[in-house]
Amino acid sequence: MPHDHLSPSGHPYRADNDAPLTYWQTMEIAVRELLIEKGHITAEDVHAQIDAMDARSPAMGAAVVARAWTDADFKRQLLDDGSAACRDMGFDIGPMHLIALENTADIHNVVVCTLCSCYPRNLLGLPPDWYKSREYRSRTVREPRKVLAEFGLTLPDTVTVRVHDSTADMRYLVVPARPAGTEGLDADALAALVTRDSMIGVGIAKQPGA
Amino acid sequence: MEYFGKRWHDMGGDPAGDINPDQHDFALWEKRVDALMVLSSAKGLMNTDSLRRVLEDMGPDAYETMSYYERWIASVTQNMVEAGAFSPEELAAKMEAVKQRGGTYGAAT
């Protein structure tokens, strides 16, 4: 049966189990089975790792941002040592060094990995396809305002745009500016306004009711 | 445009076209590749740097012709052979056995 329908997330499934077996899929199966047969890993390890990967989503990063919006001490801690602050919230961010970048009325931060696809995957899940594309990697450091405009974010010239280039060992999380008119909202309601794109810096947080 | 001393993967600043916002949900085999990288790294058989070293040595053609996780499984495999986790002969024999199981990923896995 072809996968011609959309997944629950609204994205098309990639041709998978029913398409002709490719060379690289054959290699994945072979490598996985050899590593299991040789005792390096177990089948359960693979299941558990995929479960853990599937459980990660931008909601984790959104919870961090919402807490920073509502807890000044936490925000200071987050900006001072992003890794430690996220661990304190119970998020297993692995060995990566996380740097939080605060967007303000005057400064807008945006994150790219020009060399590869480095991304705070333990906090936001796996990166979107475009983040790994030649177009985003090449252009974001050269013409960030134009790139942001393509994402629907046009910033006035009075706002400084800072582009941060990730490395294998250092990942960035943008803390978007808290939207106006959200004074009465609690952290859970605020977290719902924090999009993945706003934490990469190609978007801003949503307005309540938007 | 050529830059002296700049390798192909160092794309920052290169001219490029519009960004394609389309996304796909990862297939099971892609998630498994990702898991194999994470797990074999946790076991000390490779690390992020060795993953990238092989990816970058593949050259620009691989970036254009192979998908993201195709490049990753190629790199993971190279790293596993270098680490002595299995031999090229064992890999070849296992891949041949996998192919004999059926013509789809679902049948062969």
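The values are calculated or read from the model by the stated rules, or taken from the named source; none is laboratory data. In this text, all values refer to a predicted model and were calculated from it rather than measured experimentally. Note that each Cβ is placed from the backbone with ideal geometry, even for glycine, and that neighbours are counted across all protein chains shown.
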- prompt: Out of the residues in the range A:20-45 that are more than 7 Å from chain B (Cβ to nearest Cβ) and of a type in the set (Ser, Thr, Tyr), which is farthest from B:Met95 (Cα to Cα)?
  reply: A:Thr42
- line: A:Gly184 meets each of (1) surrounded by fewer than 19 Cβ atoms within 10 Å (Cβ to Cβ); (2) modelled with pLDDT of 95 or more with one exception, condition (2)
- request: Those residues that are under 19 Å from A:Gly125 (Cα atoms), in a loop (DSSP other than H, G, I, E, B) and either more than 16 Å from the chain's Cα centre (by Cα) or hydroxyl-bearing (Ser, Thr, Tyr) (or both), I need them from the range A:183-210; list them, please.
  value: A:Thr195
task: Answer yes or no as to whether B:Thr109 is within 9 Å of another protein chain (Cβ to nearest Cβ), in contact (Cβ under 8 Å) with a residue 60 or more places away in the chain and over 10 Å from the mean Cα position of the chain (by Cα).
output: yes
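Within the range A:95-182, considering only strands (runs of 3 or more DSSP E) that don't extend past its boundaries, which have at least 3 residues that are more than 10 Å from chain B (Cβ to nearest Cβ) and under 12 Å from the mean Cα position of the chain (by Cα)?
A:170-175
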statement: The lone condition A:Tyr172 fails out of (1) of a type outside the set (D, E, K, R); (2) more than 19 Å from A:Leu79 (Cβ to Cβ); (3) buried (at least 18 other Cβ atoms within 10 Å of the Cβ) is (2)
query: Taking the range B:63-73, which residues are at the interface with chain A (Cβ under 7 Å from one of its Cβ atoms) and not β-branched (Val, Ile, Thr)?
result: B:Tyr68, B:Glu70
message: Could you tell me how many of the residues in the range A:80-139 are in contact with a strand residue (DSSP E or B) (Cβ under 8 Å, 6 or more places away or on another chain) and among the hydrophobic types (A, V, I, L, M, F, W, C)?
response: 16
- prompt: How many residues are surrounded by 18 or more Cβ atoms within 10 Å (Cβ to Cβ) and more than 7 Å from every other protein chain (Cβ to nearest Cβ) when one looks only at the range B:91-106?
  reply: 0
field: Condition met for B:Gly44 (closer than 26 Å to A:Ala48 by Cβ and either in contact with a strand residue (DSSP E or B) (Cβ under 8 Å, 6 or more places away or on another chain) or more than 7 Å from chain A (Cβ to nearest Cβ) (or both))
entry: yes
task: Being in a helix (DSSP H, G or I) and polar (S, T, N, Q) is the filter; apply it to the range A:29-88 and report the residue that is surrounded by the fewest Cβ atoms within 10 Å (Cβ to Cβ).
output: A:Thr70
- request: Can you confirm whether the range A:171-187 contains a residue that is under 23 Å from B:Tyr63 (Cβ atoms) and not aliphatic (A, V, I, L, M)?
  value: yes
field: Test: B:Pro88 is more than 30 Å from A:Phe151 (Cα to Cα), surrounded by fewer than 17 Cβ atoms within 10 Å (Cβ to Cβ) and either within 7 Å of chain A (Cβ to nearest Cβ) or in contact with a helix residue (DSSP H, G or I) (Cβ under 9 Å, 6 or more places away or on another chain) (or both)
entry: yes
- request: Those residues that are modelled with pLDDT under 95 and polar (S, T, N, Q), I need them from the range B:10-40; list them, please.
  value: B:Asn20, B:Gln23
- line: Reported set for the range A:22-65 where residues are over 23 Å from A:Leu173 (Cβ atoms) and either of a type in the set (D, E, K, R) or modelled with pLDDT under 95 (or both) is A:Glu28, A:Arg32, A:Glu33, A:Glu37, A:Lys38, A:Glu44, A:Asp45, A:Asp51
